[in-house]
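Input: a single structure, listed below in structure tokens.
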Amino acid sequence: MRGVTMIQEVDLTPERVSEAERLVDVEGADVSASSLPPMPEPDDRVFWQAAGGVVIVGGTIAGIVAAVHIFSWLLGGEPAWFWWMVHGIIHTLAAMAIVAHAGLLYVDPGVVPRTPFTTEPVPPGVAERLRSGEPLDGLDNQKLESDPDASYCVRCCVWRRPQHHRYYCGNFVGALFPDCDRAAAQACKVLTLGEKSAAHHCRQCGRCVVEFDHHCGVLGRCIAGSGCWSGNMRFFLLLLLCGQFAAATCLVAFLYTMYAYFGWQGMRWLGVGFACYLCVGVCVMAAM
């Protein structure tokens, strides 16, 4: 794990240059923000992880929906009320899973961008190497004495500062129902969605992500965030819940079909079906 080096904050003198080319005065020499090295390139595996995730999630959704329709077809759609209910539940869960997966793929998990706020001040050690044209390899992450919670990533060249959420359920709901918001905060901590470190540099994505939880090798995305509105953690949990409820719904349809075909003797498949359900659920949870 990389160490950290404490530095003193250096006064900026932005009046000497335009806002677009702000400079940082470090030990008598100017270092332009444009002189920072390019951001790290994501690992090639991330693309294939995301592509594989689309196949896995899409195949799972299609398989479960198809299985329910096959069970219904075997029984001729009777009783109608039961299969209407099962079809409604399974299609709703499928739609929610698609939305959750799309959110995971396209919603920003909390990547720290390069802005004047995140790139300034440039630490003296980093500025010295930039002036001399040397790579930043081997440097430790930097810390500010005036802001001990902030850390400077020498790979992304950005300051990473923690996010403090006043309300976990959003400003409007949290202010209107403070007791419910406090309960939601406790629930988030139970689900490991509580306060996290300021940020973490993901080696696979090549980016610093605030409130980082883990990189999902199945879906090819960093999973981060807390509460209901930050990061993509909410989509990740929604996708897991949809998968579990869809598997349970499919299991109920399977058991009913076995009972309708074989009577009570068919219920011996209960153990087999339940064991398969547990195995699939455990494997999915472990992989993610």
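The values are calculated or read from the model by the stated rules, or taken from the named source; none is laboratory data. Everything numeric in this text was worked out from a predicted model, so none of it was measured. Using ideal geometry, Cβ is built from the backbone for each residue, glycine included, and neighbour counts are taken over all protein chains shown.
Just a few scattered comments:
- Number of the condition not met by residue 245 [criteria: (1) in a helix (DSSP H, G or I); (2) modelled with pLDDT of 90 or more; (3) under 29 Å from residue 111 (Cα atoms)]: (3)
- Single unsatisfied condition, residue 118 versus (1) outside any loop (DSSP other than H, G, I, E, B); (2) out of contact with any strand residue (DSSP E or B) (no Cβ under 6 Å at 6 or more places or on another chain): (2)
Yes/no per residue for (1) surrounded by fewer than 19 Cβ atoms within 10 Å (Cβ to Cβ); (2) modelled with pLDDT under 80:
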site: 87; (1), (2): yes, no
site: 108; (1), (2): yes, no
site: 114; (1), (2): yes, no
site: 123; (1), (2): no, no
site: 159; (1), (2): no, no
site: 164; (1), (2): yes, yes
site: 167; (1), (2): no, yes
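- On inspection, residue 76 qualifies as in a loop (DSSP other than H, G, I, E, B), in the same structural domain as residue 239 (by TED's automatic domain parsing) and more than 30 Å from residue 156 (Cα to Cα).
- Close pairs (6 angstrom Cβ cut-off, 6 or more residues apart or separate chains): closer than 17 Å to residue 92 by Cα in segment 52-64, modelled with pLDDT of 95 or more and part of a helix (DSSP H, G or I) anywhere: 57/101; 61/94; 61/97
- Among the candidates 23, 36, residue that is among the hydrophobic types (A, V, I, L, M, F, W, C), over 30 Å from residue 105 (Cα atoms) and modelled with pLDDT under 90: 23
- Test for residue 71: is it assigned to a helix (DSSP H, G or I) and more than 30 Å from residue 258 (Cβ to Cβ): no
- Residue 202 vs. criteria at pLDDT 55 or above and surrounded by 22 or more Cβ atoms within 10 Å (Cβ to Cβ): yes
- Just one of the listed residues (200, 215) is free of Cβ contacts under 8 Å to residues at least 60 places away in the same chain and under 10 Å from the mean Cα position of the chain (by Cα), and it is 215.
- Any hit, segment 53-68, residues being surrounded by 11 or more Cβ atoms within 10 Å (Cβ to Cβ), farther than 30 Å from residue 211 by Cα, modelled with pLDDT of 85 or more and in contact with a Phe, Trp or Tyr (Cβ under 9 Å, 6 or more places away or on another chain): yes
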